[in-house]
Amino acid sequence: MSQHNSNPESHPSTLRAILDNRPSYLSFGTAWLLGHGAYALSRGDDPVLRLPSAVPSILLISGLLTAMIITSIVSMRAQRSATGKDAVVGKLLAVSWLVGFSGLFFIITALGSALSQDDLKMLLWPTGSGLIVGLLYLAGGAAYRDVLQYTLGAWLALTSSAALLLDGASPYWVLALAGGGSYLVAAALEPRRRAAAPAA
């Protein structure tokens, strides 16, 4: 007579066991370091480098687009092998990215129109994006019990928001070093997280 083990903890999440966040963390970390770093170097009264105004934006936008494509590919591959609740959670989290950034677009557009300050919009986009990404990582980390992703999300949300308290090129230095650097640290720790995931 066969026995059926009904304990859900005995069936580790397919998505948690397969998903490797290193490509995503490395690509986002590189985009933050290069994009925000270029802003930091070229901003302020006495910039370190005098770059054409379009260069930092091109570096950041192209880097983020590349990172999002890489993340989508990794997520879709993992999603194909996910079943049940994991599949539903993965789809809901994917839609959450669209919802979060759409909401951010409306807020910044409305504030930009009301205050007519281009510098404010230029600062709100990177810091607001860091907040949204951080909150989404918090949700993903909680859903999959991924402490590393949860910790990264908390760090990004707090440092990106706190960067608004600074002026000049300082906010961009925070985003580049504290934000981009944290992605690279997470990428280095990801193999350990994955190795421990099946036993969780």
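The values are calculated or read from the model by the stated rules, or taken from the named source; none is laboratory data. All figures in this text were calculated on a predicted structure; none of them were measured in a lab. We place every Cβ from the backbone using ideal geometry, glycine too, and count neighbours over all the protein chains shown. Areas reflect the complete protein model, heavy atoms only, side chains present, ligands, DNA and RNA absent. Shrake-Rupley method; radii C 1.70, N 1.55, O 1.52, S 1.80 Å.
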- When the Karplus curve 6.51 cos²θ - 1.76 cosθ + 1.60 is applied with θ = phi - 60°, which whole-Hz ³J(HN,Hα) does each residue of segment 93-107 get, with x for Gly and Pro? 5, 4, 5, 4, 4, 5, 5, x, 6, 5, x, 4, 4, 5, 5
- Based on the alpha-carbon gyration tensor of segment 82-200 and its eigenvalue square roots a ≥ b ≥ c, which shape applies: rounded if a/c is under 1.5, prolate if not and a/b is larger than b/c, or oblate? oblate
- Tilt relative to the chain, helix 54-80 - C-alpha long axis, 0 to 90 degrees, to 10: 10 degrees
- Task: Distance between Cα centroids, segment 96-151 to segment 48-64: provide it in whole Å.
- Result: 20 Å
- Computed, not fitted: 222 nm per-residue ellipticity of the chain from DSSP H runs ≥ 4 (each -39500 (n - 2.57)), nearest 500, equal to -25000 deg cm²/dmol
- Modelled FRET efficiency - R0 22 Å, L98 with R77, Cβ distances, 0.05 increments: 0.65
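Carbon-plus-sulfur fraction of the accessible area of segment 41-101, 1.4 Å probe, in percent?
Carbon and sulfur: 69 percent of the exposed surface of segment 41-101.
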- Give me the percent of the accessible area of segment 122-200 that comes from carbon and sulfur atoms, probe 1.4 Å, all protein chains in place. 74 percent
- Report P(r) for the chain: all Cα-Cα distances, bin width 10 Å, range 0 to the bin holding the largest distance, values in whole percent. 9, 33, 32, 16, 7, 2, 1, 0
- Item | Relative packing of 29-41, 98-110, which averages over residues the other C-beta atoms within 10 Å, highest first | 29-41, 98-110
- Task: Keeping all protein chains in place, calculate the accessible area per residue for the chain (probe 1.4 angstrom), answer in Å².
- Result: 57 Å²
